[in-house]
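Taking it in order: structure first as structure tokens, then the write-up.
Derivation of every value follows stated rules applied to the coordinates shown; laboratory data play no part. Computed from a prediction, not measured in an experiment: that's the story for all the values here. Quick reminder, even Gly has a Cβ in these numbers, built from the backbone with ideal geometry, and neighbours come from all protein chains shown.
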Amino acid sequence: MASKSKSLTEAELVKMPKADYMNGAQLRFFRERLLALQKELRDNAGATTEHLRELSFAPDPADRATLEEEHALELRTRDRERKLLKKIDQALARIDDGSYGYCEETGEPIGIQRLLARPTATLTIEAQERREMKQKLYGE
């Protein structure tokens, strides 16, 4: 029973009053979610390394081409995951410094629903849309 009171479910998190935004229980919830995601991504990276070692030899040219394409796709996926790991580390640091859950541009709450969908978010939806609009207008 003691462990149940420590960890919130998503439903309990969503039902909490706005006045409780980023309280200790919510921060623990997101820390646990970020750490679980971090572990999953690191496990995937280890599996990729092993997979690339196992499948490096194929005598048939068609099989070799297929393997090379699969490897390229897997490496692109791991590169995206590597970038996500960096964002997870940054989100964990924001939990530690007390800025997690607040927009880095406006200081407003990002919102529980958005953080559930993207726990590494640093901007409110409105600030993100403004940033994307600027990128479209002025280029990357």
Quiz prompt | Cβ-Cβ FRET estimate between residue 73 and residue 16, R0 fixed at 30 Å, reported to 0.05 | solution = 0.15
Quiz item: Which distance in nm do the two modelled labels at residue 137 and residue 31 give, with both placed 7 Å along the Cα-to-Cβ direction?
Solution: 4.1 nm
Exercise. Sticking to Cα atoms, compute the Rg of the stretch 22-100 to one decimal and its Dmax as the biggest Cα-Cα distance, whole number, in Å.
Key: 17.8, 59
Quiz item: Can you work out the FRET efficiency for the pair residue 97 and residue 42, with r the C-beta to C-beta distance and R0 = 35 Å, to the nearest 0.05?
Solution: 0.90
Quiz prompt | Pairs of Lys in the chain closer than 20 Å at Cα, counting only those 8 or more apart or on different chains | solution = 6
Quiz item: Of (i) 1.38; (ii) 1.32; (iii) 1.06, which one was derived for Cα Rg over 2.2 N^0.38 Å from the structure shown?
Solution: (i)
Quiz item: Anyone know which of 38, 26, 128 comes out most mobile in the 10 Å Cα GNM of the chain?
Solution: 128
